[in-house]
1. Would you grab the residues whose amide H sits under 5 Å from the one on Asp31? Only those 5+ places off in sequence or on another chain, please, with H modelled 1.01 Å from N.
2. If packing is taken as the mean number of other Cβ atoms within 10 Å per residue, what is the order of 128-140, 207-219, highest first?
3. Sequence neighbours fewer than 8 away in the same chain don't count; with that in mind, list the lysines whose C-alpha is under 22 Å from Lys114.
Amino acid sequence: MREGPPPARLPELLQTINMRWSDGRRSDNVDDRRGMGAPAVAGGVGLVGILLAIAVALLGGDPFVVLQQFSGGGSPFGPAPAQVSRQRQKAPADDKMADFVSVVLADTEDTWKKEFRDNGGTYRSPKLVIFDGVVASACGQAAGSTGPFYCPNDEKVYIDLAFYRQLRQQMGAPGDFAQAYVIAHEIGHHVQHQLGIDQQVQKMQRRLPQAQANQLSVRLELQADCFAGVWAHRTATQRQTLEEGDIEEAINAAGRIGDDTLQRQSTGRVRPDSFTHGSSAQRQRWFTKGLQSGDMNQCDTFNTNQV
């Protein structure tokens with residue numbers, strides 16, 4: 001397949017349907033932690049307790065249990081969510097975006113539940129955590145500036161809604177379907193986790209030099225892009241919630257966050273050996289492949305010479 005962006009126009013069916021996100025089902029799997037403040041470890045936990053908690057988290061356990069024991073009381077990350085007073089009032093725009101994210105999440109749940117059921121499996125819906133600033137996950141503490149991510153240790157997707165402003169204003173990828181693509185990509189990683197793909201990749205990466213390990217990361221990310229395309233296909237052809245221009249928004253977003261584009265913007269030079277997510281053309285191509293086929297079996301990025 002020739003390197004380059006996908007066709008500018010896709011089948012007419014995917015271009016003329018009306019988008020009706022406001023009518024969609026809301027997911028019950030959204031955990032809104034905005035306004036709770038950055039997690040901070042309280043005094044008295046000690047270095048041993050912190051290290052033990054990290055080890056427990058990396059093994060998929062609950063680090064709060066360990067930290068609670070070492071601190072002799074409540075959670076060192078502050079009171080339980082129900083006890084936390086909001087530090088700031090949410091802007092109406094943020095609440096609207098949180099509602100949008102909930103609808104997108106519900107749509108991915110419907111898609112992958114059916115896909116797994118049709119293949120004799122059962123899909124476990126992940127939680128989606130909305131936060132602002134800093135968040136504690138079973139994969140460690142992360143800042144919103146790092147962008148959305150999926151944590152396989154707790155099977156949760158994490159997103160700071162401020163990323164959408166960055167996507168629009170700094171990366172040049174506006175539009176609601178561009179924002180939906182971001183969620184669908186992270187859910188793609190959850191699909192990989194349920195299928196055991198990410199575990200196999202990590203096992204292989206431990207035996208490889210860094211450059212080759214990076215190549216496996218690229219293939220993992222491109223498959224998540226393809227899975228996002230499969231979701232977009234189902235949304236367009238079965239639920240008919242898209243309108244003209246939506247597909248282009250997602251393809252544009254995929255291109256804007258390619259490794260080569262981001263490296264060129266930040267350093268002025270491109271280093272393919274350091275890629276971990278794939279080039280802009282690769283990300284666009286694999287998203288489009290999932291979109292056009294609607295078949296997750298077409299998303300095997302690991303058994304092809306042309307990524």
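We did not get these values from a lab; they are worked out from the coordinates using the rules stated. These numbers were taken from a predicted model, which means no experiment stands behind them. Backbone-built Cβ (ideal geometry, glycine too); neighbour counts: all protein chains shown.
1. Leu128, Val129, Ile130
2. So the order, starting with the most tightly packed, is 128-140, 207-219.
3. Hits, sequence-local ones excluded: Lys127, Lys156, Lys289.
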